[in-house]
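Here is the structure we will look at, set down as structure tokens.
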Amino acid sequence: MEEIIARSNVYALLSRVLLQELDHERLELFCTDETILEFLPHWRDWKFRNVERQKLLEEYLNPDFANLSLLHLIPYETFYTRADQMIETGGANPVTDFYSRYDFLVDYEVARVVSADHIGIEMEFMHHLCEAQLKAFRESDREASDELIRVQYEFLNTHLLKWAPMYLINMKYEARTPLYYDSAEMALEFILSDHEILSALVKA
Amino acid sequence: MMYLESRRTFLKGAALTVAGAAIAKGVFSTDAIAESVKESKFTNTPDTLSFYPPQDQWNHFQELSGVDWKRGGIDRRGVQSENNPDGIYVNDFMIVPTACSNCEASCGLTAWIDKKTFTVKKYMGNPLHTAARGRNCAKGYATQSQMYDPDRIPFPLKRAPGSKRGEGKWIRTTWDEAMTTIGKKMGDTIRKGDLLSRKSVMFHVGRPNENGFVPQVWETLGLDSYNSHTNICSSNGRTPSIWTANDDRTSPDWANAKLIFLNSSHAADAGHYFQQSAGFIADARKKGAKLVVMDPRMSNSAGMSDLWIAAWPGTEPVVYLYLANRILNENMVDKKFVKKWFNWDVLMNDTAYLNFMVEKGYVSKLPADKSFESYLELMKELYSPYTLEFAVKETHVPAYKLEKLYDMFIWAGDAISSYFWRATAAGNRGGWMSGRAGYFAIALRGAIGTKGGTFFHHWHVISVSGKGGSATVGQGVGGADVPKVQAYNELTWPPEWPLSTYELSYLLPHLLSDKEWQKKWTDRGLTVPSKLAVYIPRMYNPVWINPDGFRWLEVLKNEEIMELTMNLSPVWSETNWYMDYVLPVGLAGERHDQHSEATMPARWSSFRQPVLRVALEKSGWKPKNPARATLEAHIKAGLGEVWEDNEFWFDMCVNYIDPDGSLGIKKMWESKRNPGKPVTIAEWYDAAFGDNLPKLKETATNDPRYMNEEFPVYSYLRDHGYWMEEDKIYHAMEHELKFEDGEVISHGHKYPASSMHVGADGVISAVDHKGKEAKIGVEIDGKKVEGFATLSKKLEFFTQWAVDWKWKEYAIPFYPRNDKEKAEMEHIVSHVNHMYMKEENAFALNTVFRLPYNIHTRSANSKHLMEISQNHDPIWISTKDAKRLGFKRGDAIRVRIVDTVSGLESGYFVAMAVPTEGVLPGTLACSHHGGRWKLTNAVTIPNGVSDGKVATGAAPRDLNNKEFLKESPANVGKAGSQTIIDNYEGTTGLNSFGVPVAEVQMDGKVGKLKYVEGIKPFHTERFADYNRDSGNIWWDGLSGSWQNAVAPAHPDPVSGMHCWHQKVLLEPAQAGDKIGDIFVNYENNFKTYQAWRDQLTRGLDENSTLRRPRHIKRPWVRLDPSAYDVTIKS
């Protein structure tokens, strides 16, 4: 169970940091939570991490985030998977179809993205699947739990792993703040690691 | 492998202090799928990717709200209705065409008017506009934020009685009061009837963005006092066209060119016609064209060019003459074209000039004979000194680039497109020679008038805005019965600059305060004004944009020199602060203009319109006062008492300047249909277009939609906003003269064929129906063709008349070949040439590049443009120079301006250094479009709601509401009818999105400006919903220094252009200096203007009999031939 909670939490953490600029509340968490700081060692040791929070956001983190997710890099799956590198914002996006199969609908007003195949959303989707798995586990619904593991495995293999490593490697090279540098590295490692975990579970 | 080796466990993730669910954003919802939308015509995916619906849907076009996709689209929410209030909102639009007015290009716009709220929801392009092709730049779309700018001037303003100009005390007045006061003063002045009075009511236009309307007003007033900004803009760009082809400017065919040779960044970056030009240039490059950009600064265009030529400012003629030398001496001349269209025979027959060339050492001997072959030999020798070695030394361009340029030039054949306008032309003394030499090189290759070549403006433009005379009682068709003006105004056309391309407008305050100058010319027999009865800038900010701004402030504040002043202006500006009246006229979607520009080889025109008025009229509304329909419409729409120029001047002329008709002005603007009343918009434009554009008239009157309309031509334009009369205009000089019914027709003008004769030089003359002789064409190889507009009807690379006007040495394309000649020929050597850069910290400052999101002073009322334009105006300095002087990125530096003619220092501005590889070492770049200021954040001008003011209407603003369409405010503009302004509580901000507050000090000699407060987030009730983001302002508004005020006036001795570039000395900022500070010694600046005038010009003298050559353009009003005659006492 601890593993499911951990996976769910890490997906949630990464989805948040990759989806939008941090707000004050989340920034506080990223600055104080020892576990998070351990995940992000350069960030933990960065001398500017202790500048005034507003300044940290406005002058360091947000410009970097804007560069990594809006200006110079494209955090959308279809950009990486379509031959013409166009983001599929309409109904022909396989990721949207995947969400729909499980009645998940992206609220774009909250998400502030142009398409549902944004890395932050795919990560959050995995987080929800973990949460559902956790619920099934707690209710001892073995069948549902197995099914949810299979769904996670499928989504990870048919979507996230197909493109996210490329984006995250680019992000790591482009990042100008340790927060995003470390997050990119952590995300990359994590999805590879999760692939192993899920592979093992599916095989079992 | 790295990842596998360093794999860590993520199990710790379970130990987060906060659960994952609280960290995630939570972007998923599980809404139920909405009801079926099969019944709706809307789909989640559009049928077409076109931005625009077909024109037949423009009156009624429904579109889903742009935010619908964020809420999941109609599949989930359905379409909004009474039963489904949470569905996606459907906009109910009427689409009305107009034209942008934020630069001169006149790209088409469409206003998308939400019928349910009667507001413009967005401005888009006009897909019917074949030059703009439905596209706009940022400035076009900004028209909406300008329209709903909370600080737009809501009603006519008057300086408070008892206050001084510039004190900032204002009262609300009525249009009628303003028009009565101003009209009376104008009428009283004109009634005097003497010479002075015809020079004393001055109109001063910024960018006209219309083709002849207000000039026609001034012509009917009998005044020679129409003034324009042109000589701070483009005179040096126009002079070469005038000297070469007697045409106003270049007209390139970018789209079909093989070589696009930009002299400056202007066409593709931010300048003239850039949105349209950039599109055409991109099309050409897609087809394989090469782009060369000649600019000391690496502009956006230069950055994406095939070749960047960073020539030292003002040395560009040498680049062209190097090309000419090689074209001539490597026998690459298009001999057929040159023999046919150069006026080589005029030169070969001018023995005196040939002797002069020998005497000056231009050539070693006289030509063997007068043949064309001898002409070519003469040219080969004349231009042989412009070698690669010389060009490299003078221009600082590396040899390999010049050689590459030559190869590209030859490769392109006769498809070379260029444009001579700002930067080189506007920046440098003698900058006009660049265009002269450029045309020469291009013409040697025959690339004039060709497909993909370079041509001239008048064939590619439509100017009919002032030609609606047949709709009036008195003007006659096209204004034929309007008497010509009998005056010649020395304030706008000073005798020192007889060849000035346009008015010496930027010297107005200098000339008005220069008593010595006034006395000199008065003593010599001229009638020189020493003051103006009325001064009327229009959408113009002369204080800020002109050089030596403190001199403008001095004169504008002086009520003895400027007796009555008013600005027709939609927004606050530095100038308006010092006016007596500010009368709000409309922006791009709020006024009528016929506006055409030469952006492609075609003749097209936009029709600018007040879109809300048009929407009302198309919905069935009728104004109470047809002469003030636009004013009524804008009041109904909640914009305020905002009017438009056309109706204002119709009404002024008929009812205020000449109410009893005794001046003969009233009848000129009285409606022929309704005598006694001003002509209406529909009457005027139906005549202006219909009388002058036969193809349009035929189309409109045969179109079933319009043929039964009262004003079919007007109605056609109202619905389309655009017309192209003629396309693919190439080789127009080859048009043969037409003979019909005993008449010969040239350029659309008719002459009795019997009066025609062909001179020995082939030039064809004829006498028109008024008995005036004109040169109408030229006979070449037995064909009678129209030719160019020059005296020889050919391209004049020998401008013989320049000899008579004292500029003998510059009658041919030329550039001094050595230091001695540079000293002697200083008139065509830039005042920032490297020979003047003697000090270690001396630089040539390039000032005249534009910023693509700002146009002069027309952007501070747009929150969108202001947000994207912050802190974008630093000093570009080469990394090498920066290192040498110890400047780092972000350093504040003092930029001291020094004049190279008078030797005087003007003061300094403080700017931010940005070292870059993108600028030629030894030169700097800092656009003069930064540094707006205001003296206070807000002014209180009571609305007077409690004072018996009237509501704008009772029915809700809704074009589908019949009650709303029945209403219109009564007696608009009159006392007692002042309307309540929506959500205006008596205080207005001043350009709150874009202009910071400064402190200004001036004592008659020295002026200082220091910014004291940046702009801040604010809340506004006016257009509150549209401006709900005004609290998000993150910028302080400081975007450069008001360097224009430091700049002394530098009048080019030939063209009269203000030469913008500056010699500057750089030094670190001193204690207390802040970026944006300026310090000006404007007493020195006055002496500098005098030095340029007295040391460089060759003006009229006791031998003069004419003010100016009769055959070259004297813009705006038609002068009586006698006005040109002059006698100067010795």
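Bear in mind these aren't lab numbers, they're just calculated from the coordinates by the rules spelled out. None of these values were measured; they are calculated from a predicted model. When we count neighbours, we look across all protein chains shown, and the Cβ atoms used for this are built from the backbone with ideal geometry, even at glycine.
Return the average number of partner chain Cβ atoms within 10 angstrom of each residue Cβ along peptide A:110-118. Each step should come with its number before you reach the end.
On the way: counts 6, 5, 3, 2, 2, 0, 2, 0, 1.
Partner-chain Cβ atoms within 10 Å, mean over residues of A:110-118: 2.
May I ask what percent, to the nearest 5, of DSSP beta bridges between residues of the protein assembly as shown are antiparallel?
On the way: 93 of 135 bridges.
Roughly 70 percent of the DSSP beta bridges within the protein assembly as shown come out antiparallel.
What trypsin sites (Lys or Arg not before Pro) does the stretch A:109-203 have in DSSP loop regions with at most 15 other beta carbons within 10 Å? Could you put the intermediate results ahead of the total?
Values: sites: A:Arg112, A:Lys135, A:Arg138, A:Arg142, A:Arg150, A:Lys162, A:Lys172, A:Arg176, A:Lys203; in loops: A:Arg112, A:Arg176.
Passing sites in the stretch A:109-203 are A:Arg112, A:Arg176.
To the nearest 0.05, how large is the calculated FRET efficiency for B:Ala938 and B:Ser662 if R₀ is 45 Å and r is the Cβ-Cβ distance?
The pair B:Ala938/B:Ser662 has a calculated efficiency of 0.50.
Among residues other than B:Glu563 whose Cβ falls under 14 Å from its Cβ, what is the net charge (Lys/Arg +1, Asp/Glu -1)?
On the way: positive: B:Arg159, B:Arg165, B:Lys184, B:Lys185, B:Lys192, B:Lys199, B:Lys531, B:Lys557; negative: B:Asp188, B:Glu559, B:Glu560, B:Asp580.
That sum, taken over residues with Cβ under 14 Å, equals +4.
Quote the relative contact order of chain B in percent (integer), defining contacts as alpha-carbon pairs under 8 Å separated by 6+ residues.
On the way: 2622 pairs, mean separation 181.4, N = 1130.
Taking the mean separation of contacting Cα pairs over the length of chain B, I get 16 percent.
Between B:Glu985 and B:Glu403, 0.36 nm times their residue separation minus their Cα-Cα distance comes to what?
Values: separation 582, 0.36 × 582 = 209.52 nm, distance 6.65 nm.
In short, 202.9 nm is gained.
Need the full-extension length gain, B:Asn960 to B:Met835, defined as separation in residues times 0.36 nm minus the C-alpha distance. One decimal, nm. Please list the in-between numbers first.
Working: separation 125, 0.36 × 125 = 45.00 nm, distance 7.02 nm.
Working it through step by step, the gained length comes to 38.0 nm.
Using alpha carbon centroids, what distance separates the stretch B:839-883 and the stretch A:11-60, in Å?
The two parts, judged by their Cα centres, are 36 Å apart.
Over 22 Å between Cα atoms: which of B:Lys339/B:Lys783; B:Lys484/B:Lys770; B:Lys184/B:Lys974; B:Lys185/B:Lys974; B:Lys287/B:Lys335; B:Lys822/B:Lys1087 fall into that group?
Where the Cα-Cα span goes over 22 Å, the pairs concerned are B:Lys287/B:Lys335; B:Lys822/B:Lys1087.
How many Cβ atoms of partner chains, on average, are near each residue of A:131-138 if near means within 10 Å of its Cβ? All intermediate terms of the calculation are to be shown ahead of the outcome.
Values: counts 4, 0, 0, 1, 0, 0, 0, 0.
Per residue, the number of nearby Cβ atoms from other chains is 1 on average.
Of the cross-linked pairs B:Lys192/B:Lys531; B:Lys622/B:Lys672; B:Lys121/B:Lys695, which ones have a Cα-Cα span greater than 24 Å in the structure shown? Can you show the working numbers first?
On the way: B:Lys192/B:Lys531 15 Å; B:Lys622/B:Lys672 20 Å; B:Lys121/B:Lys695 34 Å.
The pairs that break the limit, which is 24 Å between Cα atoms, are B:Lys121/B:Lys695.
So if I take the alpha carbon set of the protein assembly as shown, get Rg, then get Rh from the Kirkwood formula, what is the Rg over Rh ratio? Could you put the intermediate results ahead of the total?
Details: Rg = 34.1 Å, Rh = 34.1 Å.
Looking at the protein assembly as shown, the ratio lands at 1.00.
By how many nm would the segment from B:Asn331 to B:Ala975 lengthen if fully extended, with 0.36 nm per residue of separation less the alpha-carbon distance? Walk me through the numbers before you get to the answer.
Numbers: separation 644, 0.36 × 644 = 231.84 nm, distance 7.59 nm.
This chain segment gains 224.3 nm when fully extended.
Which whole number gives the average count of other chain Cβ atoms within 10 Å of the Cβ atoms across peptide A:28-37?
Average per residue, whole number: 3.
How far is the Cα center of the stretch B:496-557 from the Cα center of the stretch B:957-992, in Å?
Going from one Cα centre to the other spans 39 Å.
Taking R0 as 41 Å, what's the FRET efficiency between A:Glu139 and A:Val114 from their Cβ-Cβ distance, rounded to 0.05? Don't jump to the answer; show the numbers that get you there.
Working: r = 37 Å, r/R0 = 0.91.
About 0.65, to the nearest 0.05.
Within 10 Å of each candidate Cβ there may be at most 13 other Cβ atoms; applying that plus a DSSP loop requirement, which chymotrypsin sites (Phe, Trp or Tyr not before Pro) in the stretch B:614-723 survive? Don't skip to the answer; put the middle values down first.
Values: sites: B:Trp621, B:Trp643, B:Phe648, B:Trp649, B:Phe650, B:Tyr656, B:Trp669, B:Trp684, B:Tyr685, B:Phe689, B:Tyr706, B:Tyr714, B:Tyr716, B:Tyr722, B:Trp723; in loops: B:Trp621, B:Tyr706.
The qualifying sites: there are none.
Counting only residues 5 or more places away or on other chains, whose amide H sits under 5 Å from the amide H of B:Thr110 once H atoms are built in the peptide plane?
Hits under the 5 Å cutoff: B:Thr98, B:Met124, B:Gly125, B:Asn126.
If exposed GluC sites (Glu not before Pro) are those in a DSSP loop with at most 14 other Cβ within 10 Å, what is the longest stretch of chain B that has none? Mind showing how you got there, number by number?
Details: sites that count: B:Glu39, B:Glu82, B:Glu167, B:Glu330, B:Glu559, B:Glu560, B:Glu710, B:Glu839, B:Glu840, B:Glu917, B:Glu985, B:Glu1021, B:Glu1102.
Result for the longest clean stretch: B:331-558.
Taking amide H positions as placed in the peptide plane 1.01 Å from N, state which residues far from B:Ser569 in sequence (5 or more) or on other chains have amide H under 5 Å from it.
Result for B:Ser569 returns B:Met539, B:Leu583, B:Val585.
For the stretch B:739-763 and the stretch B:239-289, what is the separation of their C-alpha centers, rounded to whole Å?
34 Å
Residue by residue, what Karplus-based ³J(HN,Hα) values in Hz, rounded to whole numbers, does the stretch B:657-668 have, using 6.51, -1.76 and 1.60 with θ = phi - 60° and x for Gly and Pro?
Residue by residue, the stretch B:657-668 yields 7, 9, x, 9, x, 6, 8, x, 8, 3, 5, 5 Hz.
Tell me the trypsin sites (Lys or Arg not before Pro) within the stretch B:751-809 that lie in a loop according to DSSP and have at most 10 other beta-carbon atoms within 10 Å.
On the way: sites: B:Lys770, B:Lys772, B:Lys775, B:Lys783, B:Lys784, B:Lys793, B:Lys794, B:Lys806, B:Lys808; in loops: B:Lys770, B:Lys772, B:Lys793, B:Lys794, B:Lys806.
Listed in order of number, the matching sites are B:Lys770, B:Lys772.
Quick one: 3J(HN,Hα) in Hz for the stretch B:500-509, Karplus 6.51/-1.76/1.60 with θ = phi - 60°, rounded, Gly and Pro as x.
Here the 3J(HN,Hα) series is 3, 5, 10, 6, 7, 4, 6, 8, 3, x Hz.
How high is the relative contact order of the stretch A:2-203, in percent, with contacts defined as C-alpha pairs under 8 Å that are six or more residues apart? Let's see the in-between values first.
Working: 201 pairs, mean separation 62.2, N = 202.
Relative contact order for the stretch A:2-203 comes out at 31 percent.
When a/c reaches 1.5 or more, the comparison of a/b and b/c decides; with that in mind, is chain B rounded, prolate or oblate per its Cα gyration tensor?
Working: a/c = 1.41, a/b = 1.23, b/c = 1.15.
The shape class here is rounded.
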